[in-house]
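A.B. asks: One structure is given below, represented as structure tokens, and several questions about it will come after.
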Amino acid sequence: MSVFATALAAAGAREVTFACGAEFADLARDVRFAAMRTTRESNSGIAERTAQDARAARGVTDFLEATKGGAVAVLLAQTRRRRTEPLTAPAQVLQDIRALHQDVRPDFYVVDQIDYATTLALHALDLPFVSYVTGHPTYLVTRDDQFFGLPQLWPSAVRPSPAELAELATEVRLTDRALTAAFAEFLAEHAPSRPVPPRAFASTSSHAAVVNYPHLPWLPPLPSPQQQVFLGHCTTPEPLDDTWLARVRGRRVLLVALGTFLSARHDVLRTVVRGALQVPDLTVVVAAGGRVAELADLATDPRVVVESVVPQRALLPHVAAMVHHGGNNSFTECLQAGVPAVVLPFSSDQFCIAHDAERAGAGVCLDPNAATPEDVTKALLSVLDQPEPFASLRAAVRAAGPDRGAAQLLEVLARHRSSASRAAAPRPDHGSHR
């Protein structure tokens, strides 16, 4: 979102304020920054190392343990945890938004679609906002049979049984009702004149949504009254420093990164590296998060580089393939760079993204809890042997991006303001000559 904030400023927005946790202030180099926390959890780079309270830290541990049980086990754990505390300190968020509005007086807010406390506060204060979809587009719940936490698309390697899906559907419906009840209770106390949304998880901007994703033709229906601006990707050029250039120059490189949370699954990282080493002349670069020590023995091989963090965006133009977890940024960054992927989805919207990678010809999917080193070898060979299988999609994604998306959004908002001004203007009374 910080990249998009900068793009809005460059596209002509008069003043842009980036409001986020204080630990992210360095991301707002070209725009104004306002410190504001709207969730209990924080993740400033490596989830296990991020300073947070005991409950949030325990949540990270429980989440990682749940991933070992497979797709439905982790999705059940996620939705049940959301249900125990549907909103975190919503009154404080309301107070902070009210104070921010008094200070900045923005024409519009751009808010993370799944930051429900902020969306609720903006609704309570009747302030205009745009939703920003940081995950899969199906985070924009629209139909009665769509529920947050119940994937609408599944990749070939991960197909839960009907009984598992039925149990998950029951649980996400309970969570859906719990968040809607929390919205109703909050509005009754803090903004009794404001309407209660029929479904809280479906709360989104009535004006527009910025979707950090390509506009793929098979996406499920999205909210029809709302205009969606698809970014394709939200990356900016990033040079690779000389140290890293020396490590990868002249080599065929595989980048392995499972994200700031899932890098803790060092057992899966080990399987991937063992499989990758069966591919001739392949150098493997691993982002191991806080698990460098657990993989130290692998790093004794001259073809393996294990680091806590790696410059992913800068590295991508220099790699032949990537293994990732199906995170939105990893998927769209690979599309922008033209890098095929082996996707290992663990949770959340990663199953939908893995499905899209397969269907777009941009990668293949493996079940992270069942894949063997031999499966990894076979998958890597399949993507490495296909020269530019998604060239047309890559071209479309590259033609989009944050700068074009920011310009499109400003056009949408300008039309909205123009329509609102016309609607508010007094009309002449042609039936009277007084």
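A.B. asks: If I go through segment 291-310 residue by residue, how many of them are crowded, with 16+ Cβ neighbours inside 10 Å, of a type outside the set (D, E, K, R) and in contact (Cβ under 8 Å) with a residue 24 or more places away in the chain?
C.D. replies: 5
A.B. asks: To continue, here is another question. Could you grab me the full set of residues in segment 231-250 that are closer than 19 Å to VAL309 by Cβ and of a type outside the set (A, V, I, L, M, F, W, C)?
C.D. replies: Matches in segment 231-250: THR235, THR236, GLU238, PRO239, ASP241, ASP242, THR243, ARG247.
A.B. asks: What are the residue pairs meeting all of these: first residue in segment 126-155, first residue on the phi > 0 side of the Ramachandran plot and among the hydrophobic types (A, V, I, L, M, F, W, C), second residue outside any strand (DSSP E or B) and surrounded by fewer than 23 Cβ atoms within 10 Å (Cβ to Cβ), Cβ atoms under 8 Å, and 6 or more apart or on different chains?
C.D. replies: Sorted first by the residue in segment 126-155, then by its partner, the list stays empty.
A.B. asks: Do we have ASP96 as in contact (Cβ under 8 Å) with a residue 60 or more places away in the chain and part of a loop (DSSP other than H, G, I, E, B) here?
C.D. replies: No, not satisfied.
A.B. asks: Look at THR236 and say whether it is surrounded by fewer than 16 Cβ atoms within 10 Å (Cβ to Cβ), among the β-branched types (Val, Ile, Thr) and either in contact (Cβ under 8 Å) with a residue 40 or more places away in the chain or outside the structural domain of LEU409 (by TED's automatic domain parsing) (or both).
C.D. replies: Spelling it out, THR236 is indeed surrounded by fewer than 16 Cβ atoms within 10 Å (Cβ to Cβ), among the β-branched types (Val, Ile, Thr) and either in contact (Cβ under 8 Å) with a residue 40 or more places away in the chain or outside the structural domain of LEU409 (by TED's automatic domain parsing) (or both).
A.B. asks: LEU316 passes all but one of (1) free of Cβ contacts under 8 Å to residues at least 60 places away in the same chain; (2) within 24 Å of VAL383 (Cα to Cα); (3) touching a helix residue (DSSP H, G or I) at 6+ places or on another chain (Cβ under 8 Å); which number fails?
C.D. replies: The single condition LEU316 does not satisfy is (1).
A.B. asks: Six or more apart or on different chains, Cβ atoms under 9 Å: show the pairs whose first residue is in segment 57-69 and at pLDDT 90 or above and whose second is among the hydroxyl-bearing types (Ser, Thr, Tyr).
C.D. replies: Pairs found: PHE63/SER347; ALA66/SER347; THR67/SER347.
A.B. asks: Is it fair to say ASP267 is assigned by TED's automatic domain parsing to the domain that holds ASP367, without any contact (Cβ under 8 Å) to a residue 60 or more places away in the chain, in contact with an Asp or Glu (Cβ under 9 Å, 6 or more places away or on another chain) and surrounded by fewer than 24 Cβ atoms within 10 Å (Cβ to Cβ)?
C.D. replies: Taking the combined requirement at face value, the residue satisfies it.
The values are calculated or read from the model by the stated rules, or taken from the named source; none is laboratory data. What you are looking at is a predicted structure, and each value in this text was computed from that prediction instead of being measured. As a convention, Cβ positions derive from the backbone with ideal geometry for all residues, glycine included, and neighbour counts pool all protein chains shown.
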